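Working notes, structure below.
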Amino acid sequence: MSDAVNTETIPLNVNTEPVEVENDEHGVSRRELVMKGVIGGVCLAYTAAVGYPVYRYLNSPVEKAASVAAVKEVTLDGADTLPIGTAMVFKFGTHPALLIHHDDGSWVALDAVCTHLGCTVQYDKGQKKITCACHGGVFDAKTGKNIAGPPPKPLPVYAVKVEKGKVQVTRA
Amino acid sequence: MAKSRTIEYLNERLGMDQWIAFAKKKTVPAHRHSFWYYWGGISMLGFLVQVVTGVLLLIYYKPGPEAYESVRQITYDIHFGWLIRSAHNWSANLFIFAVFVHMFSVYFMKAYKKPREFGWWSGMLLLFIGLMFGFSGYLLPMDDLAFFATKVGLEIPNSVPVVGPTIANLLRGGLEVTELTVQRFFALHAVVLPLLFIPLLMFHLYLVQQHGNALPPSEEEVPVEKRKTIPFFPNFLAKDLAMWLIALNAIALMSSMFPWQLGTQADPLAPAPKGIHPEWYFMSSFQVLKVMGNLFPGVAGEVIGMGIFTLGLILWFFIPFYDTQKASGRRGRLAHYFGLFALGIIVLTTAWGFLAVS
């Protein structure tokens, strides 16, 4: 292997005793396999020991956001005065959400993230529908049902409880 | 079967065989001083860990007015932030230490002689930039220690005749250390210094490759046919990697057992904390300046201290011009004694400095 002059190769494997070579059917000695396994295992252990803290470090804000997103209930102070036929945007966990006070006096709260590609939808007062400006998705303003355009699923609807001085929105 | 076909595919396109053949032909001298050959590699591992952990810190660190708060979050809020930050600090210390060992071993092996002068000079510049990394990085957490270390450290450029105050003010971005200083130190630490360091390191490594490892004088006397060598690949590389693993373990151990602390937020109106002292790699110069200040009160002490330092550094830097002979003659011996003297002074004043503040 080494044809250079003056070169004394110091073998990495310093066992000078005659080695009993037990070949398996592929002609690889068992000793070699064990060595490869040990080195591979050590490499894997190091990768895990370095990789795990780095992953958790990078993932920290994700974990924080996930705990915010897990919120079950939001209280909107003073939202009971929302005029009929209008809507307001509020934050539910990490998502924007819509609270609509319909002409018939009913209240509806829905997730405002389009089920197509994640744009924020808006309440169209004229059409009385929820529309998405990105790709023309249209949703029913009472049930959240996807009625036109590309959205594949309805918008999630939340339970609404109107009290004096506040509106409570709860994840169903 | 599939494996060899993949290798063949890559080899035909990337020509890896040439590299492996080259690495196998390359040899490294083997003798009883071979141990010192690993310290350049250990320095480089320190630098690589710096790059990786530095990039990770960059993800949460905010220079400017929020500096302290962002480091507080990294240290206490973000998962394993304390570990990443500690690894950054400990590998910085390992880096500086390994560079010092590397420099002195090169010095005593007389590896600065022809044709390796540029290796010596580029190495000195790398050390200087390394110390600048240390100085600029130290301010970034903006705790009380960082604040005063920077305040005091900037007195060194400030004492340079004529242009000193201008340089110090430019570095500081004002007359006092403020968030503006943090912002520009951050630019230095994370952009300017790496841009200077990395090409210089490439040059340094190219020279090592070009001239090979130097032999110490004792080994030069051995007849050529009796000298021993080992192939670079895989023998030396395997040993090099083993050293890296030991160094990596040392960093991990120190980081988890002695995590780096964060002091209280810097307050420009608060007095300096008691027992404040520089990091060990600045301790020697700190102590020399202190001693000179005691021997020669007033400005004279600082000037004399700085003068001695500058003179020593100039001699150290230009040693390849003085000690040029292949055989170790009178100049060679003098250079050797000068090295021992410098090493002795550094060790003594460092120890003295730590005893004085403890």
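Of note:
- Chain B: angle of helix B:81-108 to the longest principal axis, Cα-based, in degrees nearest 10: 60 degrees
- Using only side-chain charges placed at the Cβ, +1 for Lys and Arg and -1 for Asp and Glu, the dipole size of region B:102-258 relative to its Cα centre rounds to 480 debye.
- Along chain B, counting only GluC sites (Glu not before Pro) with a DSSP assignment other than H, G, I, E or B and at most 12 other Cβ atoms inside a 10 Å radius, the longest segment between sites is B:1-175.
- Selected from A:THR47, A:THR115, B:LEU313, residue furthest toward positive end of dipole (the protein assembly as shown; charges at beta carbon): B:LEU313
- Magnitude of the charge dipole, chain B, Cβ model with Lys/Arg +1 and Asp/Glu -1, debye to 20: 1380 debye
- With Cα atoms as the point set, region A:29-82 shows a radius of gyration and Dmax of 24.2, 82 Å.
- Farthest toward the positive end of the dipole of region A:73-170, out of A:PRO150, A:ALA79, A:ILE130, is the Cα of A:PRO150, where the dipole comes from beta carbon charges about the Cα centre.
- Taking chain B and dividing mean pair separation by its residue count, relative contact order in percent (alpha carbons under 8 Å, at least six apart): 25 percent
- Region A:97-172: trypsin sites (Lys or Arg not before Pro) falling in loop per DSSP and having at most 11 other Cβ within 10 Å: A:LYS164
- Take the Cβ atoms of B:GLU302 and B:GLU8, set R0 to 60 Å, and the FRET efficiency comes out at 0.35.
- Among B:ARG5, A:ARG56, B:ARG85, the order by Cβ neighbours within 10 angstrom, fewest to most, reads B:ARG5, A:ARG56, B:ARG85.
- Calculated P(r) tail over 30 Å for chain B, as whole % of Cα pairs: 47 percent
- Cβ-isolated cysteines (cut-off 4.7 Å), the protein assembly as shown: A:CYS43
- √(5λ) per eigenvalue of the Cα gyration tensor, region B:133-235, largest first, Å: 44, 17, 13
- Each part reduced to its alpha carbon centroid, region A:57-75 and region B:217-270 end up 41 Å apart.
- For A:LYS166, a cut-off of 18 angstrom between C-alpha atoms picks up these lysines, skipping any fewer than 8 places away in its own chain: A:LYS72, A:LYS91.
- Kirkwood Rh in Å, taken over region B:229-356 so that all alpha-carbon pairs contribute: 19.2 Å
- Remark on the protein assembly as shown: Rg and Dmax equal 32.6, 106 Å (Cα only).
- Scattering profile of region A:70-115 at q = 0.16, 0.17, 0.19, 0.32 Å⁻¹ [log10 I(q)/I(0), Debye over alpha-carbon scatterers]: -0.43, -0.49, -0.60, -1.25
- In region B:273-358, the trypsin sites (Lys or Arg not before Pro) that fall in loop regions by DSSP, at most 10 other Cβ within 10 Å: B:LYS274
- For the residue pairs B:LYS114/B:LYS228; B:LYS26/B:LYS226; B:LYS110/B:LYS239; B:LYS114/B:LYS326, the alpha carbons lie more than 20 Å apart in B:LYS114/B:LYS228; B:LYS110/B:LYS239.
- For chain B, the mean residue ellipticity at 222 nm estimated from helices alone is -22500 deg cm²/dmol, where every DSSP H run of n ≥ 4 contributes -39500 (n - 2.57) and the total is divided by all residues, rounded to the nearest 500.
- Most positive-pole-ward Cα, B:LEU334, B:ILE345, B:GLY293, against dipole of region B:277-358 from beta carbon charges: B:LEU334
- Note on chain B: with a GNM built from Cα contacts shorter than 10 Å, the maximum mean-square fluctuation among B:VAL177, B:VAL347, B:VAL71 falls on B:VAL347.
- Ordering A:32-45, A:76-89 by mean Cβ neighbour count within 10 Å, with the highest value first, yields A:76-89, A:32-45.
- Debye-sum result for region A:73-170 in log10 I(q)/I(0), which assumes one identical scatterer on each alpha carbon, at q = 0.12, 0.14, 0.15, 0.23 Å⁻¹: -0.34, -0.46, -0.53, -1.17
- Separation of alpha-carbon centers, region B:13-81 and region A:101-122, rounded to whole Å: 51 Å
- Taken about its Cα centre, region B:277-358 carries a charge dipole of about 400 debye when Lys and Arg each add +1 at the Cβ and Asp and Glu each add -1 at the Cβ.
No value in this document is a laboratory result; all are computed from the given coordinates. Owing to the predicted nature of the structure, the values given are computational and were not obtained by experimental measurement. All Cβ positions, glycine included, derive from the backbone under ideal geometry; neighbour counts span all protein chains shown.
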